[in-house]
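Written below as structure tokens is the structure these notes are about.
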Amino acid sequence: MSRTFTGIQRLRALAKMTLAATSAWALLVFGATAQAQPYPSRAITIVVPFAAGGATDILARVVGQHLGEELKQPMLVDNKPGAGGNIGGAFLVKSAPDGYTLYMGAVGTQTINPFLYKKMSFDPIKDMAAISRVANVPNLLVAHPDKPYKTVPELIAYAQAHPGKVNFGSSGSGTSVHLSGELFKSLARVDMIHVPYKGSGPAMADLLAGQIDIMFDNMPSALPHVKAGKLVPLAVTTPKRAPELPDTPAIGEFVKGYEATSWFGLFAPAQTPANVIAAVHTALGRVMGKAEVKAKLADLGAEPVYETPRQFDAFIAAEAIKWRKVVQESGASVD
């Protein structure tokens, strides 16, 4: 009886060994097949670190749609708002560096937050691989039509006469929309209250409803409401007037030294293979060269940009120096 039992045990052990060997072989073959698949072979996600409806979201969807067509894969947009873009950024850097999770970053997330937040769980420069800038965008100072100021001088006069009574919304602490307001406060010497949101979309909704007074919003999300007569354009934040609003002055015409420009760009997690970065970069070049894309961005008040990863890295380094000074001089802080 004991010999029979021992034989059964041996058979069971042999069966387990055979199954294990078969599983290992299948895993090896599957893994080799998966590695051999050309990039991309499935859907790609673009993480947007702000709520839907803002400039970052709008640009991600415009560029993403055409990028998906060039790469011949579905392109999904995943909004992960909060903490001035840091929640979406943290998600990106924890993602697998395989090219299937990309990120639409902005001037605030990449070059302002590191100086505004005392603690961050990641380094937006070291933990992200730059692919290319996609757009430069002016910010537009807009006000609700019911407010008693229609020009920059009138806003300054009102704010100085009513300290702390004017509030300005933003897409989140540390964003260019926020820092544009802080820079205005500093240079115009006015006391205004900052009201942060989880994106331009929610902030714009409250501005249209009259819940907040003004906003230094990105042109793509503010311009449609100006054209519809729902908001009053007071000024643009760039040194010169914008072609889309030639009759709207620049803030610098009234406040000496004022200038604030937003930009947006595509990133991947650090350690993403060079061939994957190259594939996305090449496809993006075809996207940014399309007349349809150029026309759409121009209609939104955005200037299309396409550059090499190295050029984008150099640009980010210069922007970090600039915005660090703005943060320090404005006294803005989070935490």
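See the values below:
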quantity: Hull volume in cubic angstrom per residue (convex hull over the Cα atoms of the stretch 77-203); calculated: 124
quantity: Under-5 Å amide H pairs with Ala260, H placed in peptide plane, nonlocal only; calculated: Thr238
quantity: Theoretical gain in end-to-end length, Glu329 to Arg42 [0.36 nm per residue, Cα-Cα removed]; calculated: 98.7 nm
quantity: Sulfur and carbon atoms: percent of accessible area, the stretch 170-280 [1.4 Å]; calculated: 53
quantity: Surface accessible to a 1.4 Å probe, per residue, for the residues of the chain, Å²; calculated: 46
quantity: Amide proton proximity set for Asp78, modelled H, under 5 Å, gap of 5+; calculated: Ile46, Val47, Val48
quantity: Span-like helix ranges in the chain, DSSP H, alpha carbon extent 30 angstrom or more, Kyte mean at least -1.0; calculated: 2-36, 309-330
quantity: Virtual paramagnetic centre 7 Å along Cα→Cβ of Glu253, amide N under 19 Å, in the stretch 152-170; calculated: 152-158
quantity: Rel. contact order, % - alpha carbon contacts under 8 angstrom, at least six apart, the chain; calculated: 25
quantity: Viscosity 1.306 mPa s, temperature 10 °C, Stokes-Einstein D of the chain from Kirkwood C-alpha radius, µm²/s; calculated: 74
quantity: Label-point separation, Lys240 to Thr151 (7 Å along Cα→Cβ), nm; calculated: 2.4
quantity: Distance between modelled label sites at Asp98 and Tyr158, nm, 7 Å Cα→Cβ extension; calculated: 5.4
quantity: FRET E, pair Ile125, Ala274, Förster distance 25 Å, beta-carbon r, rounded to 0.05; calculated: 0.90
quantity: Residues whose placed amide H lies under 5 Å from that of Val334, excluding near-sequence neighbours; calculated: Lys118
quantity: Cut-off 12 Å between beta-carbons: net charge of the residues surrounding Thr175, Lys and Arg +1, Asp and Glu -1; calculated: -1
quantity: Potential extension, Asp206-Thr282 segment - 0.36 nm per residue separation minus Cα distance; calculated: 23.4 nm
quantity: Over the chain: helical MRE at 222 nm, DSSP H runs n ≥ 4 each giving -39500 (n - 2.57), nearest 500; calculated: -14500 deg cm²/dmol
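The values are calculated or read from the model by the stated rules, or taken from the named source; none is laboratory data. Predicted, not measured: the structure shown is a model, and the values here were computed from it. So basically every Cβ, Gly included, is an ideal-geometry build from the backbone, and we count neighbours across all protein chains shown. Note: areas computed on protein heavy atoms with side chains; ligands, DNA, RNA excluded. Shrake-Rupley method; radii C 1.70, N 1.55, O 1.52, S 1.80 Å.
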